[in-house]
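Engineer: Can you read through this structure? Questions will come right after.
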Amino acid sequence: MPYIQSKLSIVLSEEQKSTLQKKLLDIVVSSTSKPKNFVMTNIEDNQDIWMSDTKIDKSAYIEISLLGSVSKQTCGIITKEICDFLQEEYLIDGKYVYVSFHPLDLWGWNGQMF
């Protein structure tokens, strides 16, 4: 039931999008033990992202929604792994990456509630 929304300021090829999707999926699944076949991912590239009054050329916002709670320690591990990957793969400095977590108690799917 995780949903991973990604907004990046850089332009990605289809291959890069696929690589990013797989890596985000692996990071979230391995850190949370959520079932892989229920993870939904969205990737939006070429986004205008600003910090204060400055448009950032290489930046990212990653939002992770999860059914149930998640510990701050687990969120820290996920954040570090995402930032490390974005730095290595796309040269996005971690100081221009925000990762937000949204634990949810109510989640619907296939006409019913989990």
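Engineer: Can you tell me the accessible area per residue over the range 44-114, all protein chains present, probe 1.4 angstrom, in square angstrom?
Structural biologist: Computed with neighbouring chains in place, this is 66 Å² per residue.
Engineer: Would you mind telling me the antiparallel percentage of the DSSP bridges in the range 25-114, rounded to 5?
Structural biologist: On the way: 4 of 12 bridges.
Given both bridge residues lie in the range 25-114, the antiparallel proportion sits at roughly 35 percent.
Engineer: Quick one: length gained pulling W109 to E88 fully straight, 0.36 nm per residue minus the C-alpha distance?
Structural biologist: Answer, rounded to one decimal: 4.1 nm.
Engineer: Dipole magnitude of the chain about its Cα centre, charges +1 at Lys/Arg Cβ and -1 at Asp/Glu Cβ only, in debye to the nearest 20?
Structural biologist: Numbers: 11 positive and 15 negative charges, 75 e Å.
In debye, rounded to 20, the chain gives about 360.
Engineer: With just the Cα atoms of the chain, tell me how far they stretch along each of the three principal axes, in Å, largest first.
Structural biologist: Between the extreme Cα coordinates on each principal axis of the chain lie 42, 30, 25 Å.
Engineer: As an exercise, take the mean of 1/r over every pair of distinct alpha carbons in the range 48-104, invert it, and state the Kirkwood radius in angstroms.
Structural biologist: When all Cα pairs of the range 48-104 are included, the Kirkwood radius is 12.2 Å.
Engineer: Let me ask another. Based on alpha-carbon centroids, what's the gap between the range 91-111 and the range 1-63 in Å, whole number please?
Structural biologist: 9 Å
Engineer: Would you please give the FRET efficiency between K95 and N37, computed as 1/(1 + (r/R0)^6) with r the Cβ-Cβ distance and R0 = 41 Å, to the nearest 0.05?
Structural biologist: 0.75
Engineer: Let me ask you something else. If I compute solvent accessible area with a 1.4 Å probe over the protein chains, what percent of it on the range 1-58 is carbon and sulfur?
Structural biologist: Carbon with sulfur: 46 percent of the solvent-accessible area.
Engineer: Same structure, new question: Can you give the calculated 222 nm mean residue ellipticity of the chain, where each DSSP H run of n ≥ 4 adds -39,500 (n - 2.57) and the sum is split over every residue, rounded to the nearest 500 deg cm²/dmol?
Structural biologist: -11500 deg cm²/dmol
The values are calculated or read from the model by the stated rules, or taken from the named source; none is laboratory data. Because the structure is predicted, anything quoted here is derived from the model rather than measured. Quick reminder, even Gly has a Cβ in these numbers, built from the backbone with ideal geometry, and neighbours come from all protein chains shown. The protein model used for the area step is the full one, side chains on, heavy atoms only, and it has no ligands, DNA or RNA in it. Shrake-Rupley method; radii C 1.70, N 1.55, O 1.52, S 1.80 Å.
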